[in-house]
Amino acid sequence: MRLPILRFFLIFLLWGTSSLLSQKGESPLKIFGYFQTSFQQWTELKFKTSHPEIFEPETQPANNTFNTQQLNTFFRKDLARDWRAFINFEILNTFSSARNWGSFNLEEAWVRYRASDQFKLQIGLLIPIFNNLNEIKNRTPILPYIVRPIVYESSFSEFFDPVEIVVPNRAWIQVSGSIPAKYNLKYDYAVYLGNSPNISRGQEEGQSGVDTTATFLIGGRLGIRYKDLKIGISATHDRVNQEEKFIIDGNPVYLINFDEASRIRLGADLSFRIQKFSFEGEYIKLDHKDNDPDIDFSGYFIYGTGGINITDHLLLYASYQYLEAKFPFFLTDIPSVIINTSVQDLKLPTFGIAYHLNDRIVFKGQYAKVILNDDFPLTPVVDEVASTNSKFDVFAIAVSVFF
Amino acid sequence: MKILIPIVSYFIFWSLCSFGQVAVIANKDVPADTITKSELIDMYTLEIGLWDSGRNIVVFDLKPKGEVKDTFYNYLGKSTSRMKSIWMKKLLSSGDDPPPAIESESLMLEKIKKTSGAIGYISSAMVDEEVKILVTIPESNNQ
């Protein structure tokens, strides 16, 4: 009795599979990718402080390094006329598992249904549309930068928290499209859903890579385009769990206990091109809403880049970035702990050059000055503000190769 | 003989006028008889991928540099390097292939005839009745 059922099952399976494999509109698997290799020279860190009794001098000697900043490999297959699968693997910082260098990440794995140019549905791991740069931030062949606007610089994610916090990096369902209107205008929209940032990291938390809460990331972008002018606003909302505690006399004192506190990102983007000149700029504000008035976790980031195509192959650009972050810091005036809000700002003027040797190879050069200030109010212990200031320069050259 | 001279002169004059004009052509099954510049730009920048009938738009580009290609891209208001940058962005963000580059105008004409939903461009003098002309770009666009 079992054998006929098995035969039926196998016939059904083979028929179903062959039917899927021979879908109209199916295309062969396409594999492509790119990498960017750079040489960077970082000058010695210059550190100053108003209160050397509080802050030990930070030192960072000059260093230079070659580095394969990034390598991405894409797999694309059209499964049927309106269905496409897309996978993106990303390797950062000369990845080596044996040497514990860099990282290897699954960046995207989605399937897209295109009902029309006005309605596209993506399901799977994807980079959501937020402002102008987010969905293309790691596409090095089409960006002139070696070091991108700082909150988008993936290769800094190992040590620079804002890369994972300021912009939404992942979503799981996205609906998007472009709606034509009068006077050659186009209205762009995107709406997406994803996990909260509270993702388990290791076996002690159970299955890794999964959301530990019952909350979601929700976000979207609305934009208008007219020829080479593009304007948009973006927003996201999710909920954050965060806990900071001090131990006093053996007892934990919970100074920050965000229990699914509301986190909101707001963004605005503007880009345009007039003949040989181009401009792109963005503003992002990040805020945590919590019932505790003493806790302020907020910040904003702004950048603007102006470029000029000297020739069709040669671009010169200048850019300015500013990041300001407020976060709590703790003064220990034992037996009590005082929470104040420190303000950190990062200023980053930079300019660079990008030369397209051909369709596949881009040579890049960039100089950046990094200026970091921190202010720590010391009230009520003393009526002063302790500050630190750090500066260094970065010189970099790179080649970006598309294959 | 007296009748022939004006007739021959007319045809020479007509062919000289056609020379330098570029025709945007499409397969006969394309559900459009004309196309605006804005729509043409959207098709070549891969902003739109479907005809109104729901059929895929299949875009072809010419490989060889020359007057026809220059006239076409001047009409679009974009340089070839700018277009390549746009196509690269589309490929890397959503996997859309750039338009295939066809080796010659005669091959382009054959491709358009045989490919459903296809659109491309060649010099007006080479167009035959087996394809549709959606728009003719005058020579004055080549500056």
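The values are calculated or read from the model by the stated rules, or taken from the named source; none is laboratory data. All values reported here derive from a predicted model rather than from experimental measurement. Every residue, glycine as well, gets a Cβ built from its backbone with ideal geometry; the counts of neighbours run over all protein chains shown.
Anything in region A:262-292 that is among the acidic types (Asp, Glu), at pLDDT below 95 and not in a loop (DSSP other than H, G, I, E, B)? List them, or say none. Within region A:262-292, A:287 is the sole residue that qualifies. Scanning region A:57-67 for residues that are surrounded by fewer than 17 Cβ atoms within 10 Å (Cβ to Cβ) and within 18 Å of residue A:34 (Cα to Cα) gives a single hit, A:66.
Within region A:362-383, being among the β-branched types (Val, Ile, Thr) and closer than 30 Å to residue A:39 by Cβ holds for A:362, A:370, A:371. Of all the numbered requirements in (1) among the aliphatic types (A, V, I, L, M); (2) loosely packed, with under 14 Cβ neighbours inside 10 Å; (3) within 12 Å of another protein chain (Cβ to nearest Cβ), residue A:98 misses one, and that requirement is (3). For region A:119-154, residues that are at the interface with another protein chain (Cβ under 10 Å from one of its Cβ atoms) and either buried (at least 22 other Cβ atoms within 10 Å of the Cβ) or under 13 Å from the mean Cα position of the chain (by Cα) (or both) total 9.
Within region A:92-117, the residues that satisfy the criterion of being touching a residue at least 24 places away in the same chain (Cβ under 8 Å), of a type in the set (S, T, N, Q) and closer than 20 Å to residue A:154 by Cβ are A:93, A:94, A:103. Scanning region B:70-88 for residues that are part of a helix (DSSP H, G or I), of a type in the set (Ser, Thr, Tyr) and within 21 Å of residue B:135 (Cβ to Cβ) gives B:71, B:73, B:75, B:80.
The set of residues in region A:127-150 that are farther than 19 Å from residue A:281 by Cβ and not in a loop (DSSP other than H, G, I, E, B) comprises A:140, A:141. Per the listing A:301, A:330, the residue uniquely in contact (Cβ under 8 Å) with a residue 60 or more places away in the chain, surrounded by fewer than 16 Cβ atoms within 10 Å (Cβ to Cβ) and part of a strand (DSSP E or B) is A:330. Consider residue B:38 carefully, then state whether it is out of contact with any strand residue (DSSP E or B) (no Cβ under 9 Å at 6 or more places or on another chain), assigned to a helix (DSSP H, G or I), within 11 Å of chain A (Cβ to nearest Cβ) and among the hydroxyl-bearing types (Ser, Thr, Tyr). Considered against the rule, which asks whether it is out of contact with any strand residue (DSSP E or B) (no Cβ under 9 Å at 6 or more places or on another chain), assigned to a helix (DSSP H, G or I), within 11 Å of chain A (Cβ to nearest Cβ) and among the hydroxyl-bearing types (Ser, Thr, Tyr), residue B:38 comes out as no.
Just name the residue that is nearest to the other protein chains (Cβ to nearest Cβ) out of those in region A:357-371 that are assigned to a strand (DSSP E or B) and in contact (Cβ under 8 Å) with a residue 40 or more places away in the chain.
A:362
Going through (1) within 14 Å of chain B (Cβ to nearest Cβ); (2) crowded, with 17+ Cβ neighbours inside 10 Å; (3) part of a loop (DSSP other than H, G, I, E, B); (4) not hydroxyl-bearing (Ser, Thr, Tyr) one by one, residue A:295 falls short only on (1).
Once region A:221-267 is narrowed to residues that are surrounded by 14 or more Cβ atoms within 10 Å (Cβ to Cβ) and among the basic types (Lys, Arg), the residue that is nearest to residue A:299 (Cα to Cα) is A:265. Return the residue satisfying two criteria in turn: it lies in region B:90-132 and is polar (S, T, N, Q) and in a loop (DSSP other than H, G, I, E, B), and of such residues it is farthest from the other protein chains (Cβ to nearest Cβ). Ranking the qualifying residues of region B:90-132, first place goes to B:104. Of everything listed in (1) within 13 Å of chain B (Cβ to nearest Cβ); (2) within 22 Å of the chain's Cα centre (by Cα); (3) at pLDDT below 95, the single unmet condition for residue A:68 is (1).
Taking region A:19-125 as the region of interest, the strands (runs of 3 or more DSSP E) fully inside it that hold 2 or more residues being out of contact with any His (no Cβ under 7 Å at 6 or more places or on another chain), among the β-branched types (Val, Ile, Thr) and over 25 Å from residue A:220 (Cβ atoms) are A:30-42, A:63-80, A:83-96. Going by the conditions given, is residue A:343 more than 21 Å from the chain's Cα centre (by Cα), surrounded by fewer than 16 Cβ atoms within 10 Å (Cβ to Cβ) and assigned to a strand (DSSP E or B)? In short, no. Annotation note: Cβ proximity below 8 Å between a residue of region A:147-161 that is among the β-branched types (Val, Ile, Thr) and a residue that is assigned to a loop (DSSP other than H, G, I, E, B) (sequence gap 6+ or interchain) occurs for A:147/A:153; A:150/A:160; A:151/A:166; A:151/A:167.
Residue-wise test of (1) within 11 Å of chain A (Cβ to nearest Cβ); (2) crowded, with 16+ Cβ neighbours inside 10 Å.
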| site | (1), (2) |
| --- | --- |
| B:54 | yes, no |
| B:60 | no, yes |
| B:65 | no, no |
| B:71 | no, yes |
| B:74 | no, yes |
| B:77 | yes, no |
| B:82 | yes, yes |
| B:88 | yes, yes |
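If you go through region B:108-122 and keep only what is surrounded by 15 or more Cβ atoms within 10 Å (Cβ to Cβ) and not basic (Lys, Arg), you end up with B:108, B:109, B:112, B:115, B:117, B:118, B:119, B:120, B:121, B:122.
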